[in-house]
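For reference, the structure is listed below as structure tokens.
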Amino acid sequence: MHDCLVANSARFPDQTIDDETLLFDAETGQLLLLTGFGSILWSGIGAGVRPTALCEEIGRRFGADAAVASGAFLDDLVAAGILVASQEPAPAEAATPLWPEQFTAPGIERYDDIAKIIAMDPIHDVDATTGWPRVAADKT
Amino acid sequence: MIASLAGRPILIDSASRFALDAILPAIDHLLDPPPAPTEGDAIRWSIAEEDDAWRPDAFGPAGTYRIGGGGFAVVQNEPPSVESFLPGSGITLRAAREAFMAGDFRAHPASFALAAALSGPGRQVLHAGAVAHDGAAALLVGVGGVGKSTTALACAFAGADFLGDDLVLVDAAGPDGPGPTVHSLFATAKLNPDSVLALGVTGWTPIGTTPKNKAVLAIRDRLSVIRSAAIVALVLLAPPVTGRPRPQPLRAAEAMSLVMPSSIPVACRTGSPAELLAVVAALARRVPAWRLPLSWDLDALGTAVRGIVTEAADRLRRDVPRPGPGAAA
């Protein structure tokens, strides 16, 4: 597992409401809803808690299976490019999440109907040198 | 002509009386009363009527284009038109007479360019309708064709003020601000033939017809249209049910995930998806949301929306928190 992770906010802007987190993939147009402990893990990573420390704490509080599921979830976010490795050292005293009483497996719900619409009607970039109204040759 | 929208003056300029007359039914509610003191720079909107032979070929194939400097343009060939927005220069709308007569065009003239000009941090054009009772508005949200226009007009016939059927400007206003506000963009509605019959508006002369055979109706001469109102409720319109439509409360994140998809295509072309996400989140944090299955019992539909607005306004007055995660939907 990576030593330190941060959100790829440039591609995936996010908002959290009532312990539920929604991300938008600016490249594909997918909406992603983090379910279960997904939002808890997201806020922990956002607060600078190291992934290993986060999973160890979950294991201590909710059992080994919960720790394994959380680690796998974070690996999935890394594989999807939503979390990226960071060279920045984690804060000395990162804020820890507010823990719910029960563990619920983290997951990602994907809404890709809009991605299909955007793919059908893509936005073109104009040529950087000649400018509007010439479409960039490699973008048509 | 000088219009104003959300406190910003819009200076509309055209040498073509035909072009101005074509767009007037959609925006005449923005012309009066005279613009109040302004919150921001004026938006210049230049309209040019091109001759019948004109085609926007020089602008490239039909589609949406990002222009350097933060601008963008939408090119259409059937009928031919180009709308563009450049920060500092304003909105330009060029079209042949054929386009000025087209239903979609007359319903929402230069909608993407207006969205780009008006959107920014805390303020976005959403794909939603809106109606208000006593200054308290419900946003009517749903995918295209679900029934936003029919619901908006059903509500207007039940005594609500009309703010829009498809596109509205939403000002999220920060935690210390006056609260979320919806601003009307266009005083038109697009209705399927079955909705025209159900609403009893067969006697209204449409100002155009869309390619999907929707009648475009000018609202202002028939029903009350207002320019702005405080948003108190989000109403996510769901497929029809038989019997009386019963609203069901939604969690904030659930509401956010339902509002976002229909508005993303607008935001992706005219602004920043991150800003859209922030506006929708701010809205969902402050305003309770319901899912409302539609019904052809239009009186019941208007009553249901009025009930939601009344309950939401009361809830906001009493500062009652919305249902949290895990609440029964």
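When only the Cβ of Lys, Arg, Asp and Glu is charged (+1, +1, -1, -1), the dipole of chain B relative to its Cα centre reaches about 900 debye. Packing, as the average of other Cβ atoms within 10 Å across residues, places the peptides A:25-32, B:190-197 in the order A:25-32, B:190-197, highest first.
Taking B:LEU20, B:LEU234, B:LEU139 as the candidate residues, the one with maximal mean-square fluctuation in a Gaussian network model of chain B, Cα springs under 10 Å, is B:LEU20. In terms of the Cα gyration tensor, with a ≥ b ≥ c the square roots of its eigenvalues, is segment B:2-118 rounded because a/c is under 1.5, prolate because a/b exceeds b/c, or oblate? Judged from the Cα gyration tensor, segment B:2-118 comes out oblate (a/c at least 1.5, b/c at or above a/b).
Rounded, prolate or oblate: which one fits chain B, using the alpha carbon gyration tensor with axes a ≥ b ≥ c (rounded when a/c is under 1.5, else prolate when a/b beats b/c, else oblate)? It comes out prolate by the Cα gyration axes.
Amide H contacts of B:LEU250 (H built 1.01 Å from N, in plane; Pro and chain starts excluded): B:ALA289, B:TRP290, B:ARG291 sit under 5 Å, all sequence-distant by 5 or more or on other chains. With contributions of -39500 (n - 2.57) from each DSSP H run of at least four residues, the per-residue ellipticity at 222 nm computed over chain B stands at -9000 deg cm²/dmol. Counting only whole DSSP H helices of chain B, the ones at least 24 Å long by C-alpha along their axis and with mean Kyte-Doolittle hydropathy no lower than 0.0 are B:252-270, B:298-318. Shape analysis of the protein assembly as shown places it in the oblate category; the axes a ≥ b ≥ c from the Cα gyration tensor give an a/c of at least 1.5, with a/b not above b/c. Mean per-residue shielding of peptide A:8-14 is 2, counting Cβ atoms of other chains within 10 Å of each Cβ.
Averaged over peptide A:16-27, the number of partner chain Cβ atoms lying within 10 Å of each residue's Cβ comes to 6. Largest mean-square fluctuation among B:GLY88, B:GLY302, B:GLY243, in a Gaussian network model of chain B whose springs join Cα atoms under 10 Å apart, belongs to B:GLY243. Derived scalar couplings between HN and Hα for segment B:42-50 equal 5, 9, 8, 10, 9, 10, 10, 8, 8 Hz in order, rounded to whole Hz, by the Karplus curve 6.51 cos²θ - 1.76 cosθ + 1.60 (θ = phi - 60°), x for Gly and Pro. Peptide B:250-256 shows a mean partner chain C-beta count of 5 within 10 Å per residue C-beta.
Springs join every pair of Cα atoms under 10 Å in this Gaussian network model of chain B, and among B:THR209, B:THR310, B:THR242 the largest mean-square fluctuation is at B:THR242.
Rule-based calculations on the coordinates, nothing more; no lab input. Everything numeric here is computed off the predicted structure, so don't read it as measured data. Note: ideal-geometry Cβ built from the backbone for every residue, glycine included; neighbour counts use all protein chains shown.
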